[in-house]
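What follows is one structure encoded as structure tokens, with my remarks underneath.
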Amino acid sequence: MTESKDPSKQRKKFMSAPLHRLTKLMSVHLSKELREKYNKRAVPVRKGDTVKVLRGEFRGIQGKVINVDRKRKRIFIENVTRKKVDGSTVNVPIHVSNVMITQLNLDDKYRKTLLEGGRKALIEWKVRG
């Protein structure tokens, strides 16, 4: 992210990063099974991935990602809701560092190729069309 090791500079760089860079910065750790299968530690989170909350009030809850808010650097998960005073329920935003991906959404061929073969396979995939 930045060459400095100063924590305040690291935070500033993350908080002021442009939206197109936040995709990669909002990567989430994979479960042990997925890590062994794809030889990757973390991948950017997407709508449709199944995640498990590891920390906080909703620890242990597993659900699908229904929205990724890059601007606020949070994700919204089904079954992670809070009741408001007026009786309605709202989704609670969870920071990406507090979750782990347990099942990937592989509907996108581009993402599947990137996960299975890495950058070389992706370049070949683009050339083939």
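Values as computed for the structure displayed
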| quantity | calculated |
| --- | --- |
| Filter result (farther than 23 Å from Leu25 by Cα, within 20 Å of the chain's Cα centre (by Cα) and surrounded by fewer than 14 Cβ atoms within 10 Å (Cβ to Cβ)) within the stretch 75-99 | Asn79 |
| Condition check for Gln62: at pLDDT 95 or above, farther than 25 Å from Arg11 by Cα, in contact with a Lys or Arg (Cβ under 7 Å, 6 or more places away or on another chain) and surrounded by 15 or more Cβ atoms within 10 Å (Cβ to Cβ) | yes |
| Residue in the stretch 14-28 that is within 23 Å of Leu115 (Cα to Cα) and assigned to a strand (DSSP E or B) present | yes |
| Residue identified as closer than 24 Å to Leu106 by Cβ, surrounded by 13 or more Cβ atoms within 10 Å (Cβ to Cβ) and at pLDDT below 95 among Thr50, Thr23 | Thr23 |
| Restricting the stretch 10-39 to residues that are of a type in the set (Ser, Thr, Tyr) and touching a residue at least 12 places away in the same chain (Cβ under 8 Å), the residue that is farthest from Lys71 (Cα to Cα) | Tyr38 |
| Number of the exception - Asn39 against (1) loosely packed, with under 12 Cβ neighbours inside 10 Å; (2) closer than 27 Å to Gly117 by Cβ; (3) under 14 Å from the mean Cα position of the chain (by Cα) | (3) |
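The values are calculated or read from the model by the stated rules, or taken from the named source; none is laboratory data. These figures come from a predicted structure and were not determined experimentally. Because the Cβ atoms are built from the backbone with ideal geometry, glycine has one as well, and the counts that use them run over all protein chains shown.
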